[in-house]
Amino acid sequence: MAHWPAKKNWNNKDYLLRVAGDRTVPVEVGKNYLCSDWKQELVTFSEFLDRIRSHGCSPSGPTYLAQHPLFDQINELRKDIFIPDYCFAGGGELRSLNAWFGPAGTITPLHHDPHHNILAQVVGKKYIRLYPASLSEELFPYSETMLSNSSQVDLDDVDEMKFPKVQDLEFVDCILEEGEMLYIPPKWWHYVRSLTTSLSVSFWWSEGETSSPS
């Protein structure tokens, strides 16, 4: 990532305002998408940056630009990054390219995704915890179809009466620093919390036919 223009450009608010300030983007407001007070809003990118500067808050809580295909919308930002070669190994095909931008304290609750994922940390740092796919039953996924990839366990406030064994489950965790990438395998459960103002890019890809089991 050292050669990415984003490393310099995305740390410059004036640059972000110039290339994206008047564009409208969808943001999430509230603790996270599993909370009852969570909602979505449409704001200009400049207004979003103002919220970041004021600790990311609106009257309703933290504001997070999460899992948004920003690079389809703003070509100048797309030119600032490069797709990692890993995404094409074995005939792989890129499925999704998304931005994650928010203040310290924004949270993506414990969930899993269907594809291979490389999370690239361009600005700031994040805490990430991962559980293997083999522990899915022990992590109590929601039964509702729309949330079946999300866990009922709130890692920020574990209900030990309801989920007494969760604290004993093995996991791996790390702090993903600026300029680092993390590979997250398909179906692996992961929880993400921003430790600072943070801007990340996720690259989802699927395996090519040549790398699929016969």
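The values are calculated or read from the model by the stated rules, or taken from the named source; none is laboratory data. Worth saying up front: this structure is predicted, and the values here are computed from it rather than measured. Don't worry about glycine lacking a Cβ; one is built from the backbone with ideal geometry, like all the others, and counts go over all protein chains shown.
Here's the yes/no breakdown for (1) acidic (D, E); (2) touching a strand residue (DSSP E or B) at 6+ places or on another chain (Cβ under 9 Å); (3) without any contact (Cβ under 8 Å) to a residue 60 or more places away in the chain; (4) more than 30 Å from K8 (Cβ to Cβ):
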residue: G92; (1), (2), (3), (4): no, yes, no, no
residue: G102; (1), (2), (3), (4): no, yes, no, no
residue: P109; (1), (2), (3), (4): no, yes, no, yes
residue: H116; (1), (2), (3), (4): no, yes, no, no
residue: Q121; (1), (2), (3), (4): no, yes, no, no
residue: M146; (1), (2), (3), (4): no, no, yes, yes
residue: K165; (1), (2), (3), (4): no, no, yes, yes
residue: V172; (1), (2), (3), (4): no, yes, yes, yes
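If you check V153, V122, which single one turns out to be part of a loop (DSSP other than H, G, I, E, B) and crowded, with 19+ Cβ neighbours inside 10 Å? None of the others qualify; the one that does is V153. Residues of the range 85-92 include none that is surrounded by 15 or more Cβ atoms within 10 Å (Cβ to Cβ) and among the aromatic types (F, W, Y).
Could you say whether any residue in the range 154-162 is among the basic types (K, R) and under 17 Å from Q67 (Cα atoms)? Give the steps one after another, and end with the answer.
Step one: of the range 154-162, the residues among the basic types (K, R) are 162.
Right, trim to under 17 Å from Q67 (Cα atoms) and you get none.
Within the range 154-162, none of the residues are among the basic types (K, R) and under 17 Å from Q67 (Cα atoms).
Here's the yes/no breakdown for (1) assigned to a strand (DSSP E or B); (2) over 16 Å from the mean Cα position of the chain (by Cα); (3) modelled with pLDDT under 95; (4) over 30 Å from Y142 (Cα atoms):
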{"residue": "V19", "(1), (2), (3), (4)": "no, yes, no, yes"}
{"residue": "E28", "(1), (2), (3), (4)": "yes, no, yes, no"}
{"residue": "S36", "(1), (2), (3), (4)": "no, yes, yes, no"}
{"residue": "H55", "(1), (2), (3), (4)": "no, yes, yes, yes"}
{"residue": "E76", "(1), (2), (3), (4)": "no, yes, no, yes"}
{"residue": "Y86", "(1), (2), (3), (4)": "no, yes, yes, yes"}
{"residue": "A89", "(1), (2), (3), (4)": "no, yes, yes, yes"}
{"residue": "L97", "(1), (2), (3), (4)": "yes, no, no, no"}
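Can you tell me which residues in the range 57-74 are modelled with pLDDT under 95, more than 16 Å from the chain's Cα centre (by Cα) and either surrounded by 18 or more Cβ atoms within 10 Å (Cβ to Cβ) or among the acidic types (D, E) (or both)? The answer is G61, and nothing else. Residues that are at positive phi and either of a type in the set (A, V, I, L, M) or at pLDDT 95 or above (or both) within the range 103-130 comprise just one, G124.
Checking each residue in the range 59-107 for being polar (S, T, N, Q) and either in contact with a Ser or Thr (Cβ under 7 Å, 6 or more places away or on another chain) or closer than 23 Å to A6 by Cα (or both) picks out T63, Q67, Q73, N75, S96, N98, T106.
Here's the yes/no breakdown for (1) of a type in the set (D, E); (2) at pLDDT 95 or above; (3) surrounded by 18 or more Cβ atoms within 10 Å (Cβ to Cβ):
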position	(1), (2), (3)
S136	no, yes, no
S143	no, no, no
G179	no, yes, no
Y191	no, yes, yes
W205	no, yes, yes
